[in-house]
1. Go through the residues of the range 81-91 one by one and say whether even a single one is modelled with pLDDT of 90 or more and touching a Phe, Trp or Tyr at 6+ places or on another chain (Cβ under 8 Å).
2. Got a sec? Which of 168, 156 is of a type outside the set (A, V, I, L, M, F, W, C), within 15 Å of residue 113 (Cα to Cα) and in contact with a Gly (Cβ under 6 Å, 6 or more places away or on another chain)?
3. Quick one: what pairs do we get from the range 95-111, first residue within 19 Å of residue 66 (Cα to Cα), second of a type in the set (A, V, I, L, M) and outside any strand (DSSP E or B), C-beta under 7 Å, 6+ apart or different chains?
4. What number of residues within the range 78-131 satisfy the criterion of being within 23 Å of residue 174 (Cα to Cα) and β-branched (Val, Ile, Thr)?
5. Residue 116 versus (1) crowded, with 17+ Cβ neighbours inside 10 Å; (2) part of a strand (DSSP E or B): which is the lone unmet condition?
6. If you check 156, 168, 199, which single one turns out to be outside any strand (DSSP E or B), under 16 Å from the mean Cα position of the chain (by Cα) and free of Cβ contacts under 8 Å to residues at least 60 places away in the same chain?
7. State the number of residues belonging to the range 97-113 that are out of contact with any Phe, Trp or Tyr (no Cβ under 6 Å at 6 or more places or on another chain) and either in a strand (DSSP E or B) or modelled with pLDDT under 95 (or both).
8. Check every one of the strands (runs of 3 or more DSSP E) wholly within the range 1-94 and list those with 3 or more residues that are more than 24 Å from residue 146 (Cβ to Cβ).
Amino acid sequence: MHALYMLRNLVLKYYSGLVFRFKCKLNNINVGNGFQVWGKVIINKFPGSSIQIGTQLRIVSDPARYSFNIFPQSKIRTMTPKAKIIIGDHVGFNSISIMARSQTISIGNGTMIGGNCQIMDSDGHPLWPPEDRWEYPGDEYDQPVEIGDNVFIGLNVLILKGVRIGHNSIIAAGSVVTTSIPENCLAAGIPAKVIKQYNS
């Protein structure tokens, strides 16, 4: 039984890697060497936008390999020519969604992101007045998102526009990050607040 499980993982990794590489080539995305992918990755790159992926990326979207994911895929999407997504070296994530509408979302080297997380640079719709929510995109209100190096983000975290998370920090599971978080700390809650500071 163990041998069959290992064989399945090897086949899934090989097939998922081929499909991921094909999607990156199709979308003119530079992806570094050493990536490993298990499961489905949806890539929607708007013409003229930019997606950059560093070396040694690890994506786990397969429910059999990662038990905590609700969504059996990861999503990387840009929505206008101005949008950019930059993923550093040695980044790992599980069944997450990254959506850049008109700004830059950057993820630093060595960062780990748990399942079901969502990262976005916009509100999706204007907040006010109500009649604009259906028709007007409101992308002038979009703001960039910057996640530093060696950040650890737990399960089911929502990271909203305009946020910067400092190097080495930890975001507890289930948090909603609405304002920037400094380096070397643990933040938790809705909205996320610093609850512990570590020595640098």
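1. To start, the set of residues in the range 81-91 that are modelled with pLDDT of 90 or more comprises 81-91.
Checking which are touching a Phe, Trp or Tyr at 6+ places or on another chain (Cβ under 8 Å) leaves us with 81, 83.
Scanning the range 81-91 turns up at least one residue that is modelled with pLDDT of 90 or more and touching a Phe, Trp or Tyr at 6+ places or on another chain (Cβ under 8 Å).
2. Matching residue, one of 168, 156: 156.
3. 111/91; 111/151
4. Count: 9.
5. In the conditions (1) crowded, with 17+ Cβ neighbours inside 10 Å; (2) part of a strand (DSSP E or B), residue 116 misses (2) alone.
6. 156 is the lone residue from the list that is outside any strand (DSSP E or B), under 16 Å from the mean Cα position of the chain (by Cα) and free of Cβ contacts under 8 Å to residues at least 60 places away in the same chain.
7. Residues of the range 97-113 that are out of contact with any Phe, Trp or Tyr (no Cβ under 6 Å at 6 or more places or on another chain), as a first pass: 97-111.
Of the ones still in play, those that are also either in a strand (DSSP E or B) or modelled with pLDDT under 95 (or both) are 97-100, 104-107.
Result for the range 97-113: 8.
8. In the range 1-94, 36-38 are the strands (runs of 3 or more DSSP E) which contain 3 or more residues that are more than 24 Å from residue 146 (Cβ to Cβ).
The values are calculated or read from the model by the stated rules, or taken from the named source; none is laboratory data. Please read these numbers as outputs of a predicted model, since none were measured by experiment. Please note: Cβ atoms are built from the backbone with ideal geometry, for glycine as well, and neighbour counts cover all protein chains shown.
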